[in-house]
């Protein structure tokens, strides 16, 4: 069975491609970003169309490989910081690409089902404890705002045109090969043997950390569910929160040595204090999170020390 | 003082241009749609740049006329029906044009204040009675969904970048020169002397009808208010609802003759049952609605019978 992944060359996209290819799917990808030939083969991607997600490119993919039964839409902005530095670019990647994809589905592949990677950033600030899917949305960055608009477009195309989509709100996805964000920053600084490891924020920020290997399995599982609703939103979090202090301490412990992490107290713009999933929806699907935070962080440090390959 | 109007060639845009020109403003316009020379002069528009609302055109306008103190952003989709027939086009006109305008403001005119014409369609279905600005938003058409995203973009640029905007949610704007929607349809059919005047819906649909001349004054007033907040949303409705039955009967009475209007009972897609403004916000501004629905409809019929000039 043929499935497509927009943004297949991204962090989550590469794991998802491998997961689907291993399960026997024929996987084609489209999106921005180069993908070297050996890497395309490594992840099991049959085709990589490096370009804009627009009707011309989607038609080209369909002409060569037929219509997909499922599309995983992972393309889009991937950084709060970049969304502040270049908001129109983030808007274009996240919102405009989704509008074009949905319009193409409406006209050319109305039977396809699209699984969309959104973000807990849509919840934004003012939450504490587990957040359910119907909580108020107060995104505090262009990144979160644009993900929210992306979701609304999916809802709109479902309601008015019957285009089917499932939105998965990803929480803090991490894992080997992630070359940015907290774990990357701490490991990089541990490697440089910095004397004072001072991080932003207070350290008590709570996040629902999810290992990318689990997230890839979850995306695949969602696509394989019998789809009962035209439109569904579901939290992709474990329901368990871990503070930045605890993550940093685990990283340092796995790294070895005795570095003390300190916190500046200065909060970054667009950074909510607490983002943890209410996982009631996922529990109904009987999804099993397999990689504990301890194991995930151990694996991450091992990958980093092994040379980030 | 120099002000710009996006969509100045549209129905509301032309009245607003005349209103501002009469008050001594230098008014420049940009947007899609032709504007004949005599019409440009009639409405008092100094410049009409017929083109996309993008950085290149906005820079060109600024190079010729300097930066505006105020921008009235009226460009965007203007039809629920078209938004269903061509949703990506509506998205592009409403959402993408706003994203480009805000990005240009952020970089090139951060001191400007933008007054944005949104729509009560953002409220959507499931309301009855007056709707306040903080009511739940349940838009039921791509048109309403896209207006909502437009508002969110304004809120996002205000929150993250301090770009100042005031969103006016327009209700059912009508008046001479409106060549579509309910009043136009009924007058057209009265003129053709149709025997059976059957309208869609039940006739008991409630709308907050606002005369375009009042709406133009309101937009001008909003721009002249001392702006206390970076971002504000305000209902542009009168707080008074009139049913479709009553509007149709008034039209028929003004037209003369004895046509009985009937209703098919078939509701149009994307058409909420009731849209009436809670006007508490406007009352604080002491805005005076001057054109009653009786006067407005009489004027409309007169304009129509005089040959729609």
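The table below gives the values:
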read-out: Check on residue B:228, modelled with pLDDT under 95 and either touching a strand residue (DSSP E or B) at 6+ places or on another chain (Cβ under 7 Å) or surrounded by fewer than 16 Cβ atoms within 10 Å (Cβ to Cβ) (or both); value: yes
read-out: Selection count, the range A:51-86, where residues are more than 11 Å from chain B (Cβ to nearest Cβ) and within 29 Å of residue A:217 (Cβ to Cβ); value: 24
read-out: Hits in the range B:211-247 - residues which are part of a strand (DSSP E or B) and touching a helix residue (DSSP H, G or I) at 6+ places or on another chain (Cβ under 8 Å); value: B:211, B:231, B:233, B:234, B:235, B:236, B:242
read-out: Some residue of the range A:124-142 being under 30 Å from residue A:226 (Cα atoms), facing chain B (nearest Cβ under 10 Å) and not in a strand (DSSP E or B); value: yes
read-out: Breaking point among (1) within 23 Å of the chain's Cα centre (by Cα); (2) at negative phi, for residue B:192; value: (1)
read-out: For residue A:89: the one exception among (1) touching a strand residue (DSSP E or B) at 6+ places or on another chain (Cβ under 8 Å); (2) within 24 Å of residue A:181 (Cβ to Cβ); (3) within 10 Å of another protein chain (Cβ to nearest Cβ); value: (1)
read-out: Looking only at the range A:92-115, and only at residues there that are more than 14 Å from chain B (Cβ to nearest Cβ) and over 20 Å from residue A:171 (Cα atoms), the one that is surrounded by the fewest Cβ atoms within 10 Å (Cβ to Cβ); value: A:111
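The values are calculated or read from the model by the stated rules, or taken from the named source; none is laboratory data. All values derive from a computational prediction rather than experimental measurement. Because the Cβ atoms are built from the backbone with ideal geometry, glycine has one as well, and the counts that use them run over all protein chains shown.
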